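Novice: This is the structure, below, for whatever I ask next.
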Amino acid sequence: MASKKTIAIVGATGKTGRAIVNKFSGVPHRLLLVSDQFDELYKLVSELNEKEPLAEIEAVECVKDSCWEADIIILSVPAEEERKKGILMKEVATQKEVVVVSENEHECDEIKRVLPYSKVIKAKLDVETNTIKLSVAQGTVNEEISKIFIEAGYENTLIDQH
């Protein structure tokens, strides 16, 4: 049996973040939801706890605190905010997998520079087809990351880039 992971979802109240949160709310892992929109964040957590009373879902206002506690970090913010969030988590994201999720193709070069000691995984989410494409610049996508997305209900496509 796989061990329970703590997953921080940064940008939980945005369009893409909310889609991810809704999928992950049914997985047997602890979720730390992070957003700058505190009222929406607490409302979302309350709704999810009502829908999934046995789920471990918490609202966290501080990016650094949530990422410190997390085993896996899912970053779902607009591309122009990635650097800012990366700087906030840099100190505590060392050696952790940071999955940068977007609905659009974009490079993750800037976040990779900000988080040089993290394993940055690019993920392109297609909400309509329920697919997520995971890719990484060096090495391979951790099988555990792939399994967690599949466990959440995504059809998963791995793309290793070298």
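The values are calculated or read from the model by the stated rules, or taken from the named source; none is laboratory data. Everything numeric in this text was worked out from a predicted model, so none of it was measured. We place every Cβ from the backbone using ideal geometry, glycine too, and count neighbours over all the protein chains shown.
Novice: Please determine, by comparing only the residues of region 139-162 that are of a type in the set (A, V, I, L, M, F, W, C) and assigned to a strand (DSSP E or B), which one is modelled with the lowest pLDDT.
Specialist: Here the answer is 159.
Novice: Report every pair of residues separated by at least 6 positions or lying on different chains whose Cβ atoms are under 8 Å apart, first residue within region 145-160 and surrounded by 15 or more Cβ atoms within 10 Å (Cβ to Cβ), second of a type in the set (Asp, Glu) and modelled with pLDDT of 85 or more.
Specialist: 145/97
Novice: Here is a follow-up. Select, from 107, 80, 128, the only residue that is in a helix (DSSP H, G or I) and surrounded by fewer than 16 Cβ atoms within 10 Å (Cβ to Cβ).
Specialist: Step by step, each of 107, 80, 128 is checked, and only 80 is in a helix (DSSP H, G or I) and surrounded by fewer than 16 Cβ atoms within 10 Å (Cβ to Cβ).
Novice: Where residues in region 116-133 are within 17 Å of residue 155 (Cβ to Cβ) and of a type in the set (S, T, N, Q), which of them is modelled with the lowest pLDDT?
Specialist: Here the answer is 130.
Novice: When you go through 91, 40 one by one, which is the residue that is part of a helix (DSSP H, G or I) and surrounded by fewer than 14 Cβ atoms within 10 Å (Cβ to Cβ)?
Specialist: 91
Novice: From the list 77, 100, which residue is within 27 Å of residue 155 (Cα to Cα), in contact (Cβ under 8 Å) with a residue 60 or more places away in the chain and not basic (Lys, Arg)?
Specialist: Among 77, 100, only 77 is within 27 Å of residue 155 (Cα to Cα), in contact (Cβ under 8 Å) with a residue 60 or more places away in the chain and not basic (Lys, Arg).
Novice: So, one more: Within region 1-56, how many residues turn out to be closer than 23 Å to residue 97 by Cβ, among the hydroxyl-bearing types (Ser, Thr, Tyr) and modelled with pLDDT of 95 or more?
Specialist: 3
Novice: Name the one entry in 136, 98 that is within 27 Å of residue 3 (Cα to Cα) and modelled with pLDDT under 90.
Specialist: Step by step, each of 136, 98 is checked, and only 136 is within 27 Å of residue 3 (Cα to Cα) and modelled with pLDDT under 90.
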